[in-house]
Amino acid sequence: MHSRVDALKRLMSLYVRIEEMHSIELQRTTAAVKEAEQAIDAQEETARSSSYLGRDALIAGDQMDWAAARTQREVAEWKQQRLQQIRLEREMLSEQAGRMYRSSHLRSEQIRHVVDDAAMQIASKTDRQAQAALDDRFLARRRWTDAREDLRAAAEINIS
(Lines give C-alpha, C1' and ligand atoms only; values in the text may rest on other atoms or scores of the structure.)
Protein backbone atom coordinates (compact mmCIF):
# COMPACT_ATOMS: atom_id res chain seq x y z
CA MET A 1 0.00 0.00 0.00
CA HIS A 2 2.92 2.33 0.72
CA SER A 3 4.24 1.79 -2.79
CA ARG A 4 0.85 2.92 -4.13
CA VAL A 5 1.07 6.14 -2.10
CA ASP A 6 4.66 6.67 -3.25
CA ALA A 7 3.59 6.25 -6.87
CA LEU A 8 0.71 8.65 -6.32
CA LYS A 9 3.08 11.16 -4.71
CA ARG A 10 5.37 10.97 -7.74
CA LEU A 11 2.34 11.49 -9.97
CA MET A 12 1.25 14.43 -7.82
CA SER A 13 4.73 15.93 -8.14
CA LEU A 14 4.42 15.67 -11.91
CA TYR A 15 1.03 17.39 -11.87
CA VAL A 16 2.39 20.16 -9.64
CA ARG A 17 5.26 20.75 -12.06
CA ILE A 18 2.85 20.88 -15.00
CA GLU A 19 0.73 23.37 -13.08
CA GLU A 20 3.82 25.50 -12.44
CA MET A 21 4.71 25.34 -16.13
CA HIS A 22 1.22 26.51 -17.09
CA SER A 23 1.38 29.25 -14.46
CA ILE A 24 4.63 30.54 -15.94
CA GLU A 25 3.12 30.46 -19.43
CA LEU A 26 0.10 32.41 -18.17
CA GLN A 27 2.39 35.01 -16.61
CA ARG A 28 4.40 35.26 -19.83
CA THR A 29 1.32 35.73 -22.01
CA THR A 30 -0.19 38.25 -19.60
CA ALA A 31 3.06 40.22 -19.71
CA ALA A 32 2.98 40.11 -23.53
CA VAL A 33 -0.55 41.58 -23.51
CA LYS A 34 0.58 44.36 -21.17
CA GLU A 35 3.58 45.03 -23.39
CA ALA A 36 1.29 45.42 -26.43
CA GLU A 37 -0.99 47.73 -24.45
CA GLN A 38 1.98 49.89 -23.47
CA ALA A 39 3.13 50.06 -27.09
CA ILE A 40 -0.39 51.11 -28.13
CA ASP A 41 -0.37 53.83 -25.47
CA ALA A 42 3.02 55.03 -26.72
CA GLN A 43 1.72 55.24 -30.31
CA GLU A 44 -1.38 57.12 -29.10
CA GLU A 45 0.91 59.61 -27.40
CA THR A 46 3.01 59.92 -30.58
CA ALA A 47 -0.14 60.52 -32.68
CA ARG A 48 -1.38 63.09 -30.18
CA SER A 49 1.92 64.98 -30.07
CA SER A 50 2.12 64.85 -33.90
CA SER A 51 -1.34 66.41 -34.08
CA TYR A 52 -0.19 69.21 -31.78
CA LEU A 53 2.97 69.73 -33.84
CA GLY A 54 0.92 69.75 -37.05
CA ARG A 55 -1.47 72.31 -35.59
CA ASP A 56 1.44 74.50 -34.49
CA ALA A 57 3.00 74.17 -37.98
CA LEU A 58 -0.29 75.21 -39.60
CA ILE A 59 -0.53 78.22 -37.32
CA ALA A 60 3.06 79.12 -38.17
CA GLY A 61 2.37 78.50 -41.88
CA ASP A 62 5.12 75.88 -42.19
CA GLN A 63 3.85 73.38 -44.77
CA MET A 64 6.88 71.11 -44.48
CA ASP A 65 6.58 70.66 -40.71
CA TRP A 66 2.82 70.20 -41.09
CA ALA A 67 3.33 67.43 -43.69
CA ALA A 68 5.98 65.77 -41.53
CA ALA A 69 3.69 65.89 -38.48
CA ARG A 70 0.79 64.52 -40.52
CA THR A 71 2.94 61.66 -41.83
CA GLN A 72 4.18 60.94 -38.33
CA ARG A 73 0.58 60.88 -37.04
CA GLU A 74 -0.52 58.54 -39.85
CA VAL A 75 2.40 56.18 -39.18
CA ALA A 76 1.55 56.20 -35.45
CA GLU A 77 -2.10 55.42 -36.23
CA TRP A 78 -1.09 52.61 -38.58
CA LYS A 79 1.21 51.18 -35.90
CA GLN A 80 -1.65 51.47 -33.39
CA GLN A 81 -3.92 49.43 -35.63
CA ARG A 82 -1.28 46.76 -36.09
CA LEU A 83 -0.57 46.73 -32.35
CA GLN A 84 -4.31 46.33 -31.67
CA GLN A 85 -4.27 43.17 -33.81
CA ILE A 86 -1.19 41.93 -31.96
CA ARG A 87 -2.85 42.68 -28.61
CA LEU A 88 -5.96 40.71 -29.63
CA GLU A 89 -3.82 37.75 -30.70
CA ARG A 90 -1.91 37.90 -27.43
CA GLU A 91 -5.13 38.16 -25.43
CA MET A 92 -6.41 35.00 -27.10
CA LEU A 93 -3.14 33.24 -26.25
CA SER A 94 -3.37 34.54 -22.70
CA GLU A 95 -6.95 33.29 -22.35
CA GLN A 96 -5.88 29.90 -23.66
CA ALA A 97 -2.97 29.84 -21.20
CA GLY A 98 -5.40 30.76 -18.42
CA ARG A 99 -7.67 27.86 -19.33
CA MET A 100 -4.70 25.49 -19.41
CA TYR A 101 -3.50 26.74 -16.03
CA ARG A 102 -6.93 26.39 -14.42
CA SER A 103 -7.30 22.91 -15.87
CA SER A 104 -3.88 21.78 -14.65
CA HIS A 105 -4.53 23.38 -11.24
CA LEU A 106 -7.77 21.42 -10.96
CA ARG A 107 -6.05 18.16 -11.91
CA SER A 108 -3.27 18.90 -9.44
CA GLU A 109 -5.80 19.45 -6.65
CA GLN A 110 -7.65 16.28 -7.59
CA ILE A 111 -4.52 14.14 -7.43
CA ARG A 112 -3.56 15.83 -4.15
CA HIS A 113 -6.90 14.71 -2.70
CA VAL A 114 -6.36 11.18 -4.01
CA VAL A 115 -2.92 11.06 -2.37
CA ASP A 116 -4.27 12.49 0.89
CA ASP A 117 -7.12 9.93 0.91
CA ALA A 118 -4.73 7.05 0.24
CA ALA A 119 -2.38 8.26 2.98
CA MET A 120 -5.31 8.56 5.39
CA GLN A 121 -6.42 5.03 4.50
CA ILE A 122 -2.93 3.73 5.18
CA ALA A 123 -2.72 5.64 8.45
CA SER A 124 -6.15 4.35 9.47
CA LYS A 125 -5.18 0.77 8.59
CA THR A 126 -1.92 1.13 10.50
CA ASP A 127 -3.77 2.54 13.50
CA ARG A 128 -6.31 -0.32 13.39
CA GLN A 129 -3.50 -2.87 13.19
CA ALA A 130 -1.66 -1.24 16.08
CA GLN A 131 -4.85 -1.15 18.15
CA ALA A 132 -5.58 -4.79 17.29
CA ALA A 133 -2.06 -5.74 18.40
CA LEU A 134 -2.53 -3.82 21.66
CA ASP A 135 -5.91 -5.48 22.20
CA ASP A 136 -4.41 -8.91 21.52
CA ARG A 137 -1.58 -8.26 23.99
CA PHE A 138 -4.04 -7.00 26.58
CA LEU A 139 -6.28 -10.07 26.15
CA ALA A 140 -3.32 -12.45 26.20
CA ARG A 141 -2.02 -10.88 29.40
CA ARG A 142 -5.50 -10.99 30.91
CA ARG A 143 -5.88 -14.67 30.00
CA TRP A 144 -2.45 -15.38 31.41
CA THR A 145 -3.30 -13.50 34.62
CA ASP A 146 -6.70 -15.26 34.87
CA ALA A 147 -5.06 -18.63 34.25
CA ARG A 148 -2.43 -17.90 36.91
CA GLU A 149 -5.12 -16.88 39.39
CA ASP A 150 -7.11 -20.02 38.56
CA LEU A 151 -3.99 -22.11 39.22
CA ARG A 152 -3.42 -20.34 42.53
CA ALA A 153 -7.05 -20.83 43.49
CA ALA A 154 -6.85 -24.50 42.55
CA ALA A 155 -3.63 -24.85 44.49
CA GLU A 156 -5.22 -23.27 47.55
CA ILE A 157 -8.22 -25.58 47.28
CA ASN A 158 -5.88 -28.58 47.01
CA ILE A 159 -3.86 -27.42 50.02
CA SER A 160 -6.88 -26.95 52.18
Under a straight-distance cross-link criterion of Cα-Cα below 26 Å, which lysines are reachable from Lys34, leaving out those fewer than 8 residues away in the same chain?
-> Lys79
Listed by chain and number, the lysines with an alpha carbon less than 30 angstrom from that of Lys125, same-chain partners under 8 positions apart left out, are Lys9
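Could you give the accessible area per residue of the range 48-160, probe 1.4 Å, as a whole number in Å²?
Details: 8940 Å² over 113 residues.
Using a 1.4 Å probe on heavy atoms only, each residue of the range 48-160 averages 79 Å².
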Say the dipole of the range 58-160 comes from +1 at the beta carbon of Lys and Arg and -1 at that of Asp and Glu; which of Ala97, Gln131, Ala154 then lies farthest toward its positive end?
-> Ala154
Accessible carbon and sulfur surface of the range 1-101 relative to its total accessible area, %, 1.4 Å = 55
Considering Cα pairs under 8 angstrom that are at least six residues apart, work out the relative contact order of the chain and quote it in whole percent.
-> 35
Using the reciprocal of the averaged 1/r over all distinct C-alpha pairs, how large is the Kirkwood radius of the chain in Å?
-> 23.2
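The values are calculated or read from the model by the stated rules, or taken from the named source; none is laboratory data. Worth saying up front: this structure is predicted, and the values here are computed from it rather than measured. Note that each Cβ is placed from the backbone with ideal geometry, even for glycine, and that neighbours are counted across all protein chains shown. Protein only, heavy atoms only, side chains kept; ligands, DNA and RNA dropped before computing areas. Shrake-Rupley method; radii C 1.70, N 1.55, O 1.52, S 1.80 Å.
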